[in-house]
Structure formats: structure tokens, C-alpha cells
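Contents: one structure, followed by commentary.
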């Protein structure tokens, strides 16, 4: 494998050299947050926190990175020497992965000498945005599917291999039942799921022969793809195989339908399977599914057990980018903010507070300066997750905890926010001195 | 760095074990192509060919991959042993990278024992689709910008790090002037480009002081960001710095505007710069730019020299996925095809032929079986790029050649296809025995 090319924008390095030369390397705070929402989003599920902390902990420039940068013929040798020795020495405050968050709320704040904070920008934006976007999209699909399962089939559809890995992780975080991505499943310890492709069936001259070849090999975990030629005869062949398996003490797992009118076809298939006494055989559907299609199929009582989602999930097709920003909010003890039209930012180091009703439903959030008094009856969302460059236990970002957290928090969202077409915005208040300073 | 998790869908492996057990490993052909177009596309620029060939050449399962797969507790030990020794031994026929291609036309065909061809599916679809999508989006932007420059600022916006690398490569292929992605620029030998961030300016109390600090460090390559507080005073400060630089024998490179009404602001800035005798100082704009905004700005005579594009390009926002497929089209000498509703495929090993008018404009393409007689006065697009698992010189997929090829081919497209809102489809004909077989 070629060496991973360093993911950093040129200007981070040129600014760093200018800071370094001018000895302008005071303490700074950078804040990472989303500006507003895409049209079809009303909340975000924070993703990429664990990956970001891991990146920051191992942050540094290898000899090969330095040699690449040197090759651009633009940097001072002494600065490159400084860069080679640079590590992250600061503090990170972050929300825990899987937390539901809203526009303007920091997901991550970095307190560090400005050079260190600046150099993290490109990678942190890329990581947090990619993971948060996928987790947020997946949460919508999980909600639409109710008590039915969703499986991540997006490995071939994402923009590259790390997005495929992020999709597997974030979809599990948001409540999917498994992924087809073998490497991700193994690395994350989550279920690997799969059926068969049309190519398998077509490589045999006869569908029944193909079904038998597969079922013989995996007698207890076979899901037969029934739509290569005709779904009705496909289901008939599946029933034949199910009966043959059962005489050997095995059970056909399920069938999959990948094209056509999934609602009608699943009803027909369910009827045929049930009439054959195969109530345990599940029905998986796939092919162009997004949260809207899933909702509509279930609203029409399609007897579907499991939805395989690929393209629409893997690229977050209705909102492929979130307008995240990584902004300097404090330098050398002085809160700073940007005032470009439409891109104003809140100054200063912050805390986010979440207020809940008696029944546990989230009522509103508040953003304050980090050093202000606690908002009463509210829980702070940002915790110290790295101090002096070393990860600390302030927030548990393990995948298991993040999945539990996401499920718990989504259940506590006001119902209006869970509609697939947003009808209202969650109440996020700016309180205390921050309110005064930002309205000036 | 953790070990790269193997990017493969579970079913490729289960099918492979079933093929292996049944000694069902005859010669197969798989064809990779796009089904139709997203609403805003009328052509594709083939990308990811070089990366695919590289992947195929090094294809195999490492000990760590085998151990991951073994951990799923589903595979036969003997099969895993077979897998550990597997290499690609087949033939690849592919279009050259940067070729303009259309729906249904194979970008890549794999002739190999079915197990080898099957196991490549997930990764090849991911690679070719990601790169082709980015190249196709970039080509639209280049066309919209006419003789103005476009720079890739998407490193922070893509879905993951390898998409950022693909974006840098494919945007250069399509005619961009450079990328902000340092690692990609170094690895690909293309220009690294950058300006400065708002954070740099805000870390100083005074904009002029910030501009001076940067310009002192990079006196011949400074592009000043003028919209942190107010563009008019930003440009005034830039003029001051330009004059100071010029007394030292240096030249300010340019200014960048990242927010507000880019058309009006660029006109004001140009006027101010020209009045100060700074005609050589260029204007770069950025912030939410796509091909439509670029077209509209230039149609309104905005005096912009260079467009920095991030989100809209990096995620191909108007068409984040292309419906590509990797289909078995021949097995053991027998053409096969899928007949699922809406997903019919053309059977057999294929060739694509391009017919041009006298003036060089592309007139129509034809798809035939690969072994049929040449279509007269037409150039074949698919060439052997790998034989017996080793890359051969049939197609030149170097980035330099691909960039030249893309420019040449876009210039030869019928003008109607270049409109940003597609008005017609290119004529792709099915000829010869393939026509007879697919209309049956």
C-alpha cells in the first residue's frame, strides 16, 4: 500500500509558519459546529468524536509527510524541523459520540497553542462531518423503520473506503442491525450480514440449481435472492429449497427482493411462504431505499422484516454535506468572532446545556460561555476528553455506549423533530454574557 | 495507524466459498457501467481506472484480512487457505482514464475465473464510482468557468480522506488549476494552492497587522482574505500591504472574498485595486460555489480570476451517487443477463465504438459484442489494460494523459450535452448480434 498522503490544506501550514516566525503562538480555542441544517434535517447525531480524539492523540508529521511538504518548495527548513517535532499538547472538550446535537452547538472545542489548533482543522472537519452526516442519516432511517431491521449495504456506494468504514460504524451507532462490510464488521465487532448477488444465480443455468448450491454450503444462514428472473417463480424455488433443508434439519433464513414493486411483491411472497408453512422465513428488500420509501412501505403494511440500504444512506443523498465550521473563538484570553454576512459565529469557549421535561423529553438547550455558572436543572454536554494531549475518561465514546446513548436520546426528542420532513426547530438559547456579547 | 480493514461485502465471500466447494469456477466476464444518468448529468468522465488497475494488480487477502474473515466464524478453513493464496490471474479491458463515457457503456470488463471476478466487485464499484463521479462533477465546473481557474478546496468537505485524495486527482484531471490538499498535491505532482483562514486574521486584533505578518513571511505568494469584517476596508488594507511589498520589490498575489454578494464585491474590489495600480492582483472567490453560481457570476461580468470550490464539488452535491453496476455478463462461454424490472442488462463481453463527424465532434457511440467486426470509421474505447493479472500498455492512464484526454474529449462533445441542465441524450446505439440478443 502507498503511504497515506497527509490530509491538510496548504494554508494551515503557511499560516503555521507565519505564526511560528512571529512567535504568535498564544493559547487559542477553536470550536467545531454546524451552521444551520440542510432542508431535511432537524437534528444531528454527533459522530466521529472517537475517531477525532484518536487522530489528535496521534497527530504529527512523519518523515514522509515532512518530505512531501518540503517538496512544495515553500517552507523554511527550520520551520519544518519544528513541525517534525510537533505533538498536540492541549485540551479537548467534546460531546460524547451518539449525542443528539443541534446547529451552533460545539461538538468539539480545542484549547491549545494556536499552531496546534490550526493544523488540526482540515482533518477534524473531514472526520466529524463525515461521521456526523452518516449517523444523522442513519438515525432517520432507523426511526422510519420502527421495529423492523435495517442493514448497511453501502460499502460499494460510499465515496471511498474510509467512508464505507464510517458508514458501517455510524449506522450501527444509530441502530442498524448489521453491515455487509466484512472488514468493518470484524474491526468493530458488529454483525456481518449478507445474502447473494444476481451473478451467483446467473452463473447457473437454472435458479433452483443455484439456490441449492448456496443452501448446501450455508444451510443455516441462507437468504435467497428471488428476483433475478421472476419473483413468483423465485419464491416457489425458495420454498422448494426450504423444504429440502428442513428434511435435513435446517431452516432457510430468508429471501431478498431487489427490484420491482417491493410492497406488492413482499405481500405475495409472504402469502406464498406462509401457505407453505414457512412463517419463519424472513423477507429482506433492497434497491433504491431511503427513509421515505421505508416509511411508505410500512405504512402500506408491506410484510418486510429487513431493509438493506445502499446509495441513499451511504452518500446521505438528500443532504450530502453539512455546513460545519471550525472557527477560532478565543485567542490569548480574548473572545473573537467572525462577522462575515451569513457566517457570524459565537465568540468564546462554550458549554452546551440540555434541559428536559419531567417525562425525560428534551425541552431546550442553552449555549453559554464555558466558565459561567451552570444552567439550573440542565446537563452539560461538553466534557474534557483530552488533557495535555492525552485522552481522559471524561466522555465514553465507545461504540456500544454511543449506540445506547443515541437510542436513548432519539427517544427523548420532541416528536415534531422526528418527522422526516422537518416542521419545527428545536429551541437553542444563547444565555448569560454570551447572549449580551453576541447581540452587540 | 490501524490496519486498513478489507473493503468487501460478506456475500462476495460466501458466494466464493459456494463456487469453490462446487468447483463452479469457470471463466466469467463482469462488466462495470452506469445505469442511466442523474437528472443533471448527460455524460460521465471515466475516473478511477488507474486506481482500479492498481487495486486489481495487488489484489489479495493479507494474514490480517484472513484472520478478520476467520473471526466471523462462518467460513471453511480450507477455503480460507485457498483465499490466502488467491491472486488475480485474468484480463482487464478498460477505457482510458479521462475518456468521456455514457450510460450502459462498460468502463471496465473483467475476464477471469468467476471467483476472482466476484471478489473484486465491492472495491471496484466503490473506486470507479467515486472517481468517475468527482471527475464528472469537476468537468461541469471547468466548463462553467471557461478561461477562469478553479481550485479544489474540498479536502475538509469530502466523505473521508480517500475521497479527498480522489477529489484532488479527479479535479486536476478535469482541468482544475490546483488543490489545497498538500498530501495529494505532493503525491500527484500537481500545484498546491492556498490563501489564509479567518482564524489567522482574528488571532490579531487588527486586520492590517495580520496581513503584514503573513505577507512578510510569503512576500511573493500572498493571497489576502478580505472579508473577515468588511470587504471594502479589507481591500484597502490589502492595497496598503501591496504597496509596502512593492517598495521591497515584491508583488501581492491576490485577494480572496469568501462571503456576501461575490459579484458586487468582486467588482468593487477590482475597481479599488485597479485605481491603486494593482491590476496584477488577482481576485479569488469561494463560499458555496457550484457550476451554476460560477456560470451566473461570469455571465454578470464579475471580474473573478479564480474560483475555490469545496462542498458542492467534494460531495458532487447535485448527484452524490451514480447508479453504477458490476454485472456478470458471460459465464463459461454463455452470455447472461439480468431481467429484473428496470434493471435489465446487456449480455456478453462488449466493445464500445465512437463515431466522429468530420470536424472531430462526437456523433454517436455503438456498443457491440467484443468479438464482432469493427464498426467502420469508429474508434474502439475498451483496450486490454491487464493480461494474466499483469498491467500492460494498452491504455495510458497517467494523470497527465488523462487530463489531456479529458480536455480533448470535452471539446469534441456536441454543444447541447455541455449545458448545465441537460437538454438531450447522446446517441448510444446497440449494434450487431448484441442488438438482436437484447431485444429478444
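Okay, here's what the table says:
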read-out: For region A:125-197, the spread of Cα positions along each principal axis, largest first, Å; value: 33, 26, 22
read-out: Burial order of peptide ranges A:11-19, B:198-206 (average beta-carbon count within 10 Å, highest first); value: A:11-19, B:198-206
read-out: Per-residue Cβ neighbour rank within 10 angstrom, fewest leading, A:428, B:193; value: A:428, B:193
read-out: Cα gyration tensor shape of region B:363-440, rounded if a/c is under 1.5, else prolate or oblate by comparing a/b with b/c; value: oblate
read-out: Region B:282-440, relative contact order [Cα under 8 Å, separation at least 6], %; value: 18
read-out: Whole-number percent relative contact order across chain B, with pairs defined as alpha carbons under 8 Å at least 6 apart; value: 22
read-out: Rounded tilt (10° steps) of A:10-21 against the dominant C-alpha axis of chain A; value: 20
read-out: Fewest-first ranking of B:30, B:218, B:153, using other Cβ atoms within 10 Å as the exposure measure; value: B:218, B:30, B:153
read-out: Inter-copy label distances at residue B:249 (7 Å, Cα→Cβ; nm, one decimal); value: 9.2
read-out: Teacher prompt: residue B:220 distances to equivalent labels in other copies, 7 Å Cα→Cβ, nm; value: 7.2
read-out: At 1.002 mPa s and 20 °C, Stokes D of region B:136-314 from Kirkwood alpha-carbon radius, µm² per second; value: 130
read-out: GNM top mover of A:390, A:66, A:239 - chain A, alpha-carbon springs below 10 Å; value: A:66
read-out: Considering only the protein assembly as shown, percent of DSSP beta bridges that pair antiparallel, nearest 5; value: 65
read-out: Reduced Cα scattering model of the protein assembly as shown, Debye log10 I(q)/I(0), q = 0.07 Å⁻¹; value: -0.57
read-out: Cα long-axis angle, helix A:262-275 against chain A (0 to 90 degrees, to the nearest 10); value: 50
read-out: C-alpha long axis of helix A:399-411 to longest principal axis of chain A, angle in °; value: 80
read-out: Separation of alpha-carbon centers, region A:183-245 and region B:410-440, rounded to whole Å; value: 36
read-out: Helix-derived mean residue ellipticity, 222 nm - over chain A, DSSP H n ≥ 4, -39500 (n - 2.57), to 500; value: -11500 deg cm²/dmol
read-out: Average beta carbon contacts from partner chains per residue of A:14-27, 10 Å cutoff; value: 5
read-out: Residue mean of other protein chain beta carbons inside 10 Å, B:312-322; value: 5
read-out: Overall Cα dimensions of region A:39-180, principal axis frame, Å, largest first; value: 60, 32, 26
read-out: Shortest-first nm distances, residue B:70 label point to equivalent points in other copies (7 Å, Cα→Cβ); value: 4.1
read-out: Added length on full extension, which subtracts the Cα-Cα distance from 0.36 nm per residue, residue A:247 to residue A:73; value: 55.3 nm
read-out: Relative contact order of region B:136-314, defined on C-alpha pairs under 8 angstrom at six or more residues apart (%); value: 25
read-out: Scattering curve values for region A:25-82, log₁₀ I(q)/I(0), Debye with Cα scatterers, q = 0.24, 0.26, 0.27, 0.30 Å⁻¹; value: -1.05, -1.10, -1.13, -1.18
read-out: Cα shape, region B:10-118, gyration tensor, a/c 1.5 rule; value: prolate
read-out: Per-residue mean of C-beta atoms belonging to partner chains within 10 Å, peptide B:68-74; value: 4
read-out: Ellipsoid equivalent to chain A - semi-axes via the Cα gyration tensor, in Å; value: 47, 27, 16
read-out: Translational D in µm²/s for region B:274-378 (Stokes-Einstein at 25 °C, 0.890 mPa s, Kirkwood Rh from C-alpha pairs); value: 128
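Where a number appears in this text, it was derived from the coordinates with a stated rule and is not lab data. Computed from a prediction, not measured in an experiment: that's the story for all the values here. Glycine gets a Cβ as well: all are built from the backbone with ideal geometry, and neighbour counts include every protein chain shown.
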